[in-house]
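A short write-up of the structure that comes next.
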Amino acid sequence: MADSELKPTLHHLNNSQSQRILWLLEELDIPYNLSLHKRGESGPNKARAPPELKETHPLGKAPQLETADGRVVVESLVIARYLIETYDKSGKFRGDSAANDWIRDDELCNLASATISAPMTLELVFNLLVQSSPFFIRPLVSVIHKQVYKAFTGPELDLYFQYLNDQLGDQDYFMGTSPGRADFIISWPVDMCVQNQFVDLEKYPKLAVWSRRCQDRPAWKRSMEKGNGYSLQFKL
Ligand SMILES: N[C@@H](CCC(=O)N[C@@H](CS)C(=O)NCC(=O)O)C(=O)O
């Protein structure tokens, strides 16, 4: 059997949420194959995943994890769970106490993936709308955007970021002394909202310290070197 078949393979897309899976693989310190893919740079596929990602899974999104026995797993929450359950033999990334249990992990993961995603995606769409509006209606679209931010997306993001800040309490990571699945999963919406200036992270001091702590980890730094970019400000 070829060596590559014995390892999982991460299909990673630049400037995307698969960075958090690359980070987890580096934390787990296991052998894996990395298949780097790049978003389109021009034309109708600009900023979208390249077509070759559909060769491994019909949705054509990243991340995709091909397991060592050839199954293709999608959805970051599931991939992170699979990797931790399969490769975290010492339980380092599974929460360090009864309080940091699977229910907390699942709640935080779902908050990050589903709940925060709604206002975050709306902000992203409004940003793109303002950017791509003809110049003569751009001020009008911008005013509408500001109203939506003031009345809905701003307060929603503030609610969730404040909640995450409070949930950290005195812990270094959401799951205790080491990052757990929730930490890997939360990193993406936080980075996305910060890089696009949807939130000012300094308003949430514990979350700001947590984010810096994550990015100071050698495994995060290695994941940034091995990946192909993590710039989350999208332009059409
Ligand atoms: N719910 C999926 C989302 C996957 C997803 O939408 N990935 C984005 C990258 S951030 C993607 O592949 N976008 C490229 C495209 O849709 O063309 C997950 O959690 O992994």
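The values are calculated or read from the model by the stated rules, or taken from the named source; none is laboratory data. Source: prediction; values computed, not measured. Note that we place each Cβ from the backbone using ideal geometry, even for glycine, and neighbour counts take in every protein chain shown. Areas reflect the complete protein model, heavy atoms only, side chains present, ligands, DNA and RNA absent. Shrake-Rupley method; radii C 1.70, N 1.55, O 1.52, S 1.80 Å.
For LEU164, the stated conditions do not hold, so it cannot be described as farther than 24 Å from ARG81 by Cα and surrounded by 13 or more Cβ atoms within 10 Å (Cβ to Cβ). Checking each residue in the stretch 89-111 for being in contact with a helix residue (DSSP H, G or I) (Cβ under 8 Å, 6 or more places away or on another chain), within 12 Å of PRO179 (Cβ to Cβ) and not charged (D, E, K, R) picks out PHE93, GLY95, LEU108.
Of all residues in the stretch 44-66, those satisfying the criterion of being more than 8 Å from the ligand (Cβ to nearest atom) and under 20 Å from the mean Cα position of the chain (by Cα) are PRO50, HIS57, GLN64, LEU65, GLU66. Do the conditions hold for SER16, that is, is it within 15 Å of the ligand (Cβ to nearest atom), among the small types (Gly, Ala, Ser) and closer than 22 Å to TRP220 by Cβ? Yes; evaluated as a whole, the condition is true for this residue.
For SER211, indicate whether it is polar (S, T, N, Q) and either at pLDDT below 95 or not in a loop (DSSP other than H, G, I, E, B) (or both).
Values: polar (S, T, N, Q): yes; either at pLDDT below 95 or not in a loop (DSSP other than H, G, I, E, B) (or both): yes.
So SER211 fits the description; yes.
Can you name every residue in the stretch 27-42 that is of a type outside the set (Asp, Glu) and away from the ligand (no atom under 13 Å from the Cβ)? Scanning the stretch 27-42 gives LEU28, ILE30, PRO31, TYR32, ASN33, LEU34, SER35, LEU36, SER42. Scanning the stretch 175-189 for residues that are within 15 Å of the chain's Cα centre (by Cα) and more than 16 Å from the ligand (Cβ to nearest atom) yields PRO179, GLY180.
Out of curiosity, is ALA99 more than 16 Å from THR9 (Cβ to Cβ) and near the ligand (Cβ under 10 Å from one of its atoms)? Answer is no for this residue.
If you go through the stretch 190-236 and pick out every residue that is under 16 Å from LEU168 (Cβ atoms), of a type in the set (S, T, N, Q) and either open to solvent by 20 Å² or more (accessible area, probe 1.4 Å) or in contact with a Cys (Cβ under 8 Å, 6 or more places away or on another chain) (or both), you end up with 1. Those helices (runs of 4 or more DSSP H) of the stretch 121-201 in which at least 2 residues are over 22 Å from TYR230 (Cα atoms) and among the basic types (Lys, Arg), considering only elements entirely within it, cover 138-148. Of all residues in the stretch 78-96, exactly one satisfies the criterion of being within 14 Å of the chain's Cα centre (by Cα) and either surrounded by fewer than 18 Cβ atoms within 10 Å (Cβ to Cβ) or away from the ligand (no atom under 12 Å from the Cβ) (or both), namely VAL78.
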